[in-house]
Protein chains: 2
Amino acid sequence: MLPAEIIRKKRDGSILSSGEIEEFIGGYVSGEIPDYQASALLMAIFFNGMTPEETAIMTRTMMNSGRTYDLSSDRPLIDKHSTGGVGDKVSLILAPLAAACGLGVPMVSGRGLGHTGGTLDKLESIPGFNVHLTPDEFKKQLTKLGVAMLGQSDDFVPADKKMYALRDVTGTVECIPLLCSSILSKKAASGARGVVMDVKCGSGAFMADIEGARALAHGLTATGKALDLPVRAVITDMSQPLGAAVGNANEVIESIDCLRGDGPADLREITLELTAEMLLLGELESDISTAKEKAAAALDDGKALDIFRKMIEWQGGDVSIVDNPQRLPCDYETVEFLSESDGYMNVTNCRDIGLAALALGAGRRKSSDSIDPAVGLTMLARAGDRISKGQPLVNIHHRAGNGIEECRSYLDSALTVSTDPPLLQRLIIEKIP
Amino acid sequence: MLPAEIIRKKRDGSILSSGEIEEFIGGYVSGEIPDYQASALLMAIFFNGMTPEETAIMTRTMMNSGRTYDLSSDRPLIDKHSTGGVGDKVSLILAPLAAACGLGVPMVSGRGLGHTGGTLDKLESIPGFNVHLTPDEFKKQLTKLGVAMLGQSDDFVPADKKMYALRDVTGTVECIPLLCSSILSKKAASGARGVVMDVKCGSGAFMADIEGARALAHGLTATGKALDLPVRAVITDMSQPLGAAVGNANEVIESIDCLRGDGPADLREITLELTAEMLLLGELESDISTAKEKAAAALDDGKALDIFRKMIEWQGGDVSIVDNPQRLPCDYETVEFLSESDGYMNVTNCRDIGLAALALGAGRRKSSDSIDPAVGLTMLARAGDRISKGQPLVNIHHRAGNGIEECRSYLDSALTVSTDPPLLQRLIIEKIP
């Protein structure tokens, strides 16, 4: 069928056949079908959607556009993915923790963009840490250690790279089936046999409201079902940063605290919940409470931290940072962001906290930007806390004042201290299915 | 505003500002905005539409993308445009006829594509006829003769050329506001101050059903109003070919018959109706019956034919074809297409009659094809005629048997002879406004 006829078919609301999807996506990746036909099809999909079966076929076609990892392992291979937020360092704790509990975690991560940070950037603040493993190294480490955290090689789901870049400039990012195929094609290609999805919801998330988060969660689980890739979606709060640290090296330090059984309560809670869901998905546990207890024990007895150390060692990083966090990039200066009134702390726009950190150099405006791993924010108060006038709300860690005015201006719009306490969202909002 | 933001705005159902439309279309024509962003916007417009004001702004921006003709004239400058059909040679008769009645007709026409013929192709079957006038020649001829018929120069509405080529391969042709801006940008650029639109309706037309034809007619009149370009839309029947001749040179011969006051009744009727509407639009007449009588008189007394002769002469054509039609390309062979049963003639698919002529070489599959002006069809019966088994329904004029099997197969699917007479549509279906 001609590409234009496939576009018209979707435009008119019909369901595309597997042959049509494979022909179009295959033709687009090979360059036979030009960008302008792909963007027209993507916009038609934006309006008319795709069934879970169509989405699954697109996902599989995208997955097979490049290298896929077939990681035979004694361990159940279960991964976690977050839709992205501010201060979301869960993967750094959860991946070694889940491995310590007996799972295999083949975690392929991305870099930060805009207001959200990226796991890869945080890992790379560890001196020497290598996120580019060969397929053999990846497989070996996963078998022996149970966890490997790496970046996307050029031949990893190239269809997603090409389609995502196109969607970004043609207004077709915010589309559930396209989001689902983008996320799950990478998870399936990395060798995962099950995925726990952390669907963030709130002003710091891609999906600001619960309806959007639910729609994405349902899309992911339905597509997973059609793909024969079990997906469990957990909708979690992103109306304020997770933990206190927002940046890169400082998020690694906070993650190590958590791996020691310490760290902020919200970070520990969400990490345990998501790890427990992974244990259920991998059928190592059958009850959520028992699974959480098992995960908590592996944090508290140092098993997870031990895997984290070994992972740094295996991946060429400076393992001494675990006991000497000052060996991470921390050559920053600190100023305080103070409350101008008495009242209750309120995060009116969590996204702007991410942008405040970006302004300092902790993030990227466009994907070709580089980041400064040392700079970032430490949140000194949480939403609902009683605040006095002049009390510091945030420590701003900057390099030579770079971006500090923009940072302050974002914090001004992100935080208010109000006379009434704000309504607080619970951390774990909903699970699907 | 970034192009992607303009796309998102239309995608989300908002009305674009004139600045946004001008920026996007201007950027697209200049090459700053790539095809893939333009196709995404066009698909968003397909789904969310444009108001008459947005359409008018787009039309004006497209019009101003190249040369426009400013034809000051003593005559009211009124043009006619047809959405295209099979055997539609009305322009060849109407343009000199309207000029004979006192109007100025600056008619810029296109070539045939697919099942529909093109006025330019028909004119070019006249040996020597030059459709490429300079702006000065165009203006001079229009002033002195009242009519000029020409093709689109490369710098004539280049935005439409570029956008139409893109729409053709991205499933965004069938979209009322885009159709309106495409049609009216060319009419406005040619210098017309009013347009009578012949919106064809039926199986041989772009709009097969009355709802589609009405929607297009309303779109055209509403856009014309917003553009300050009066548009009168007449919905006419295209469930069977207009007149008997389908091709190129043979359509010129039939047009000359009509210009002599003879020719098929339907062709004369529709030509008089549309010419009369032009006379009303140009305010030379105020009553449709009087206007039709005036037009009929100019056909019957030879004034229109006289203008036609002069136009051929002015445009370098062989004027002797008017009295010696055998000097037109007619080196074809003829075979008959016979009825296989007794009953009533029924045109089940008029589009296939156009494709039957195309198969012989009278039309184009793609715009770079060339045509054979001699070949074509003569319809020997009209829908509803009583037919005997073995009676010829069509004369097929072919060159050395080229395409004759495909032609017959199209005629098989286009024509049936049934026991019950078909329901006949009236020729002039509706007028808007």
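The values are calculated or read from the model by the stated rules, or taken from the named source; none is laboratory data. If you're wondering where the values come from, they're calculated on a predicted model, not measured in any experiment. Counting neighbours? That spans all protein chains shown, and the Cβs are built from the backbone with ideal geometry, glycine included. The area values use the complete protein model at the heavy-atom level, side chains included, leaving out ligands, DNA and RNA. Shrake-Rupley method; radii C 1.70, N 1.55, O 1.52, S 1.80 Å.
In this structure, is A:Arg8 open to solvent by 40 Å² or more (accessible area, probe 1.4 Å) and in contact with a helix residue (DSSP H, G or I) (Cβ under 7 Å, 6 or more places away or on another chain)? No; evaluated as a whole, the condition is false for this residue. Given the conditions (1) surrounded by 19 or more Cβ atoms within 10 Å (Cβ to Cβ); (2) within 14 Å of chain B (Cβ to nearest Cβ); (3) under 18 Å from the mean Cα position of the chain (by Cα), report the number of the one that A:Val173 does not fulfil. The single condition A:Val173 does not satisfy is (1). The set of residues in region B:78-92 that are touching a Gly at 6+ places or on another chain (Cβ under 9 Å) and open to solvent by 10 Å² or more (accessible area, probe 1.4 Å) comprises B:Gly84, B:Asp88.
Residue count for region A:220-244 under the criterion of being under 22 Å from A:Asp88 (Cα atoms), β-branched (Val, Ile, Thr) and open to solvent by less than 10 Å² (accessible area, probe 1.4 Å): the result is 3. Taking the conditions exactly as written (touching a Cys at 6+ places or on another chain (Cβ under 9 Å), part of a loop (DSSP other than H, G, I, E, B) and closer than 30 Å to B:Ala374 by Cβ), does B:Gly243 satisfy them or not? Criteria met by B:Gly243. Assigned to a loop (DSSP other than H, G, I, E, B), among the hydrophobic types (A, V, I, L, M, F, W, C), open to solvent by less than 40 Å² (accessible area, probe 1.4 Å) and in contact (Cβ under 8 Å) with a residue 24 or more places away in the chain - does that describe any residue in region B:254-274? No, there is no match, as no residue in region B:254-274 is assigned to a loop (DSSP other than H, G, I, E, B), among the hydrophobic types (A, V, I, L, M, F, W, C), open to solvent by less than 40 Å² (accessible area, probe 1.4 Å) and in contact (Cβ under 8 Å) with a residue 24 or more places away in the chain. Looking across region B:365-376, just one residue is within 15 Å of B:Gly87 (Cα to Cα), of a type outside the set (A, V, I, L, M, F, W, C) and either open to solvent by less than 20 Å² (accessible area, probe 1.4 Å) or in contact with a Gly (Cβ under 7 Å, 6 or more places away or on another chain) (or both), and that is B:Gly376. Consider A:Asp79 carefully, then state whether it is over 30 Å from A:Gly261 (Cα atoms) and among the charged types (D, E, K, R). So A:Asp79 fails the test.
Residue-wise test of (1) under 28 Å from B:Gln240 (Cα atoms); (2) buried (at least 19 other Cβ atoms within 10 Å of the Cβ); (3) within 14 Å of chain A (Cβ to nearest Cβ).
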| site | (1), (2), (3) |
| --- | --- |
| B:Tyr164 | yes, no, yes |
| B:Pro177 | yes, yes, no |
| B:Ala188 | no, yes, no |
| B:Ala192 | no, yes, no |
| B:Ala205 | yes, yes, no |
| B:Asp209 | yes, no, no |
| B:His218 | yes, no, no |
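Checked against the criterion of being within 14 Å of chain A (Cβ to nearest Cβ), part of a loop (DSSP other than H, G, I, E, B) and in contact (Cβ under 8 Å) with a residue 24 or more places away in the chain, the candidates B:Leu71, B:Leu16 yield just one match: B:Leu16. Within region A:115-138, is even one residue touching a residue at least 60 places away in the same chain (Cβ under 8 Å), farther than 17 Å from A:Thr61 by Cα and within 14 Å of another protein chain (Cβ to nearest Cβ)? No, region A:115-138 contains no residue that is touching a residue at least 60 places away in the same chain (Cβ under 8 Å), farther than 17 Å from A:Thr61 by Cα and within 14 Å of another protein chain (Cβ to nearest Cβ). Put simply, of A:Ile57, A:Ile25, A:Ile45 the only residue that is surrounded by 20 or more Cβ atoms within 10 Å (Cβ to Cβ), among the aliphatic types (A, V, I, L, M), within 12 Å of chain B (Cβ to nearest Cβ) and part of a helix (DSSP H, G or I) is A:Ile45.
Within region B:155-165, the residues that satisfy the criterion of being in contact (Cβ under 8 Å) with a residue 24 or more places away in the chain and farther than 28 Å from B:Ala100 by Cβ are B:Asp155, B:Val157, B:Pro158, B:Ala159, B:Asp160, B:Lys162, B:Met163. For B:Lys225, the requirement of being charged (D, E, K, R), out of contact with any Cys (no Cβ under 7 Å at 6 or more places or on another chain) and within 30 Å of B:Gly361 (Cα to Cα) is not met. Annotation note: of B:Ala100, B:Ala95, the sole residue that is closer than 13 Å to B:Phe308 by Cα and open to solvent by 10 Å² or more (accessible area, probe 1.4 Å) is B:Ala100. Being touching a residue at least 24 places away in the same chain (Cβ under 8 Å), surrounded by fewer than 20 Cβ atoms within 10 Å (Cβ to Cβ) and of a type outside the set (A, V, I, L, M, F, W, C) is the filter here, so list the residues in region A:302-320 that pass it. A:Gly302, A:Lys303, A:Asp306, A:Lys310, A:Gly316, A:Asp318 - these are the residues of region A:302-320 that are touching a residue at least 24 places away in the same chain (Cβ under 8 Å), surrounded by fewer than 20 Cβ atoms within 10 Å (Cβ to Cβ) and of a type outside the set (A, V, I, L, M, F, W, C).
Checking each residue in region A:401-422 for being among the hydroxyl-bearing types (Ser, Thr, Tyr) and part of a helix (DSSP H, G or I) picks out A:Ser409, A:Tyr410, A:Ser413.
Say we look at region A:28-42 and pick out the residues that are more than 9 Å from chain B (Cβ to nearest Cβ) and in a loop (DSSP other than H, G, I, E, B); which of these is surrounded by the fewest Cβ atoms within 10 Å (Cβ to Cβ)?
So, considering only residues that are more than 9 Å from chain B (Cβ to nearest Cβ) and in a loop (DSSP other than H, G, I, E, B), the one surrounded by the fewest Cβ atoms within 10 Å (Cβ to Cβ) is A:Gly31.
The residue pairs whose first member lies in region B:321-349 and is part of a strand (DSSP E or B), whose second member is open to solvent by 70 Å² or more (accessible area, probe 1.4 Å), and whose beta carbons are closer than 7 Å, counting only pairs six or more residues apart or on different chains, are B:Phe337/B:Arg408; B:Gly343/B:Thr419; B:Tyr344/B:Arg386; B:Tyr344/B:Asp420; B:Tyr344/B:Pro421; B:Met345/B:Arg382.
Taking the criterion of being open to solvent by 60 Å² or more (accessible area, probe 1.4 Å), in contact (Cβ under 8 Å) with a residue 40 or more places away in the chain and acidic (Asp, Glu), the only residue of region A:275-300 that qualifies is A:Glu283.
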